[in-house]
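Presented below is the structure to which this report refers.
Rule-based calculations on the coordinates, nothing more; no lab input. Bear in mind the structure is a predicted one, so any value in this text is a computation, not a measurement. FYI the Cβ positions are ideal-geometry reconstructions off the backbone, even for glycines, and counts take in every protein chain you see.
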Amino acid sequence: MVKVLFVCLGNICRSPTAHGVFQTLVDHAKLGEFISVESAGTGAYHVGEPPDSRSVQEALKRGYDLSAIRAQQVNVSDFECFDYILAMDHSNLAVLKHQCPEQYQHKVNLFLHYGTQYAEEEVPDPYYGGGKGFLKVLDLVEDAAQGLLKELQGLEGIPNRH
Ligand code: 4NP
């Protein structure tokens, strides 16, 4: 089982979107028994809460159901447990790199490293902005999620089903 953890600040906007989008890709590719998906925040502000209603609504319009996700905070045991720990922006990447034990540093990366269609390196925080920010999050996340799935399908032991 390859285990993927998406990380943003609050775990109510960007990383739950990545979580729901990537889980849907995994499900459609019938790879659920090979790839597990989770999300968390570096901050604890929203622990236990469902995703922001704007994220839930915009995701649903594109066929992704985020409603069952509940915010949790990154735990130090996550660095051992997960194989891919993917940050939405440089600021959260820096926090993760700081918290992560030396032997697991290679697991921590920027999520948009896997994107192919956009120049952005970060998924911008949509929390304090308008509705357009949530659409931008979805555009960037959908692109990088496809790239990530391709990467995982290149790993030994994971079927390459299209
Ligand atoms: P997220 O967005 O990191 O994409 O979940 C945020 C949500 C809440 C806060 C910051 C960012 N906040 O400060 O409460």
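Residue separation of Lys61 and Ala94 scaled by 0.36 nm, minus their Cα-Cα distance, works out to 8.6 nm of gained length. Please say if the stretch 60-141 is rounded, prolate or oblate, where rounded means a/c under 1.5 for a ≥ b ≥ c the square roots of the C-alpha gyration tensor eigenvalues, and otherwise the choice is prolate for a/b larger than b/c and oblate otherwise? It is prolate, given that a/c is not under 1.5 and a/b is the larger ratio. Loop-located chymotrypsin sites (Phe, Trp or Tyr not before Pro) in the stretch 11-99 (DSSP state other than H, G, I, E, B) with a sparse environment of at most 12 neighbouring Cβ atoms within 10 Å: Tyr45.
Per-residue extension of 0.36 nm, minus the Cα-Cα distance of Lys3 and Lys150, leaves a gain of 51.4 nm for this segment. Restricting the calculation to Cα atoms, the stretch 2-153 shows an Rg/Rh of 0.93 when the hydrodynamic-style radius is the Kirkwood one. Give me the distance between the Cα centres of the stretch 48-102 and the stretch 1-43, rounded to whole Å. Taking the Cα centre of the stretch 1-43 as reference, the centre of the stretch 48-102 is 7 Å away. By other beta-carbon atoms within 10 Å, ranking Lys150, Lys107 with the fewest at the front produces Lys150, Lys107. Once the Cα-Cα distance is subtracted from the 0.36 nm per residue extended length, the Cys81 to Asp139 segment shows a gain of 18.0 nm.
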